[in-house]
Amino acid sequence: MALPLSGKSVLVTGARQGLGKSIALGMAEQGADLIVCDRVTDDGKLTETAGEIEALGRKALWLGGDITVEEDVNDIVNKSIEKFGKIDVLVNNAGVTSQDSFLNLPYRRWRLILSVNLDGTFLCSKVVLPHMIEKKSGMIINVSSILAHQIRMNIAYGVTKAGVERFTMGLAREIRKETGIAVTCIRPYFVKTEVVMGFMDGRDISDFEEPVIWQKYPAMLAAAKPEDVTGKIFDKAGLEEKFGKI
């Protein structure tokens with residue numbers, strides 16, 4: 001029996017570790033070939049992600065690039081299509097944050113967070129979407145966060161994730177006449193990734209979500225009917241309601 005994503009090619013940004021890597025591996029487990037990209041390539045983690053995908057019997061292409069630079073995004077998309085002929089699913093996962101309070105947050109860091117988390121999501125969607133429209137099929141999955149709504153530190157990060165959710169709903173509405181294409185969004189809580197754990201410093205994480213949740217559900221979302229998911233924001237409870245508990 002064919003897996004749900006067999007024959008599909010999926011591009012995941014920020015895939016060298018953490019949530020992006022989990023999402024990429026989950027897509028591969030369900031039959032997809034992967035393009036994994038990241039700005040950082042010199043620590044070997046991105047090639048490790050690609051190797052783990054290939055160990056699952058899928059094809060993998062790893063690419064370095066800065067998603068805040070239009071030329072880099074064009075290069076990533078062009079090389080992806082050259083390799084696989086199409087991009088069926090784009091996962092806008094790449095993101096950066098800061099633990100600084102507002103008064104201690106340098107302006108350059110504020111600009112970087114907005115640029116990566118918002119401009120990167122815009123640019124990748126802008127470049128990939130015409131290819132999806134041309135073949136009348138495709139899905140964009142944006143990655144938000146509980147911090148889009150929960151007021152804690154990370155003001156800049158929370159602002160960008162609220163923007164990602166508004167971007168998702170607005171773009172889905174704008175292209176609603178394009179049948180076969182969906183723009184949707186996942187909203188993780190706090191996930192036990194390397195980056196998040198590095199911020200915790202001994203604090204209670206008993207309610208944090210396990211990475212496996214976000215390894216499984218995005219692939220289910222990618223295999224869903226576009227009209228069932230477009231314009232929607234899915235947290236864990238919403239995904240459990242739609243697909244069942246993992």
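The values are calculated or read from the model by the stated rules, or taken from the named source; none is laboratory data. Since this is a predicted model, take the numbers as computed values, not measurements. Note that we place each Cβ from the backbone using ideal geometry, even for glycine, and neighbour counts take in every protein chain shown. With ligands, DNA and RNA removed, areas are computed over all heavy atoms of the protein, side chains included. Shrake-Rupley method; radii C 1.70, N 1.55, O 1.52, S 1.80 Å.
With a 10 Å radius around each residue's Cβ, average the other Cβ atoms per peptide and rank 178-184, 145-151, highest first.
The most tightly packed comes first, giving 178-184, 145-151.
State to the nearest 20 debye the size of the charge dipole of the stretch 40-140 about its Cα centre, where the only charges are +1 on K and R beta carbons and -1 on D and E beta carbons.
Here the size comes out at about 340 debye.
Hey, what's the per residue convex hull volume over the C-alpha atoms of the stretch 1-72, in cubic angstrom?
Output value, Cα hull per residue: 77 Å³.
How many times 2.2 N^0.38 Å is the alpha carbon radius of gyration of the chain?
Ratio of Cα Rg to 2.2 N^0.38 Å: 0.95.
For the stretch 16-28, in order, what is each residue's ³J(HN,Hα) by Karplus, 6.51 cos²θ - 1.76 cosθ + 1.60 with θ = phi - 60°, in whole Hz (x at glycine and Pro)?
Here the 3J(HN,Hα) series is 6, 7, x, 4, x, 5, 4, 4, 4, 5, x, 5, 5 Hz.
Percent of accessible area on the chain owned by carbon and sulfur, 1.4 Å probe?
After summing per-atom areas, the C and S share lands at 51 percent.
Please list, in chain and number order, the residues 5+ apart from residue 208 or on another chain whose amide H is under 5 Å from its amide H, with Hs placed from the backbone.
Under 5 Å from the amide H of residue 208 lies no amide H from a residue far enough along the sequence or on another chain.
Once phi is turned into ³J(HN,Hα) by the Karplus curve 6.51 cos²θ - 1.76 cosθ + 1.60 with θ = phi - 60°, what whole-Hz value does each residue of the stretch 68-83 show in order, with x for glycine and proline?
8, 10, 4, 4, 5, 5, 4, 5, 4, 5, 4, 5, 5, 5, 4, 6
Would you mind checking which residues have amide H under 5 Å from residue 92's amide H? H placed 1.01 Å from N; only 5 or more apart, or other chain.
Long-range HN contacts for residue 92: 141, 142, 143.
³J(HN,Hα) across the stretch 223-239 via Karplus (A = 6.51, B = -1.76, C = 1.60, θ = phi - 60°), whole Hz, x for Gly/Pro?
8, 6, 5, x, 5, 7, 10, 5, x, 9, 10, 10, 8, 4, 4, x, 5
Can you give the translational diffusion coefficient of the stretch 80-190 in µm²/s, computed by Stokes-Einstein from the Kirkwood radius over Cα pairs at 37 °C and 0.692 mPa s?
222
Kindly state, as a whole number, the per residue volume in cubic angstrom of the convex hull around the alpha carbon atoms of the stretch 29-151.
Spread over its residues, the Cα hull of the stretch 29-151 gives 133 Å³ apiece.
Among 7-13, 73-79, how do they line up by average Cβ neighbours within 10 Å per residue, starting with the highest?
Top of the packing list down: 7-13, 73-79.
Along its three principal axes, how long is the stretch 203-246 when you only count alpha carbons? Whole Å, largest extent first please.
In descending order, the Cα extents are 41, 16, 14 Å.
Can you give me the Cα centroid spacing of the stretch 53-82 and the stretch 120-187 in angstrom?
19
With the other protein chains left in place, how much accessible area per residue, in square angstrom, belongs to the chain at a 1.4 angstrom probe?
49
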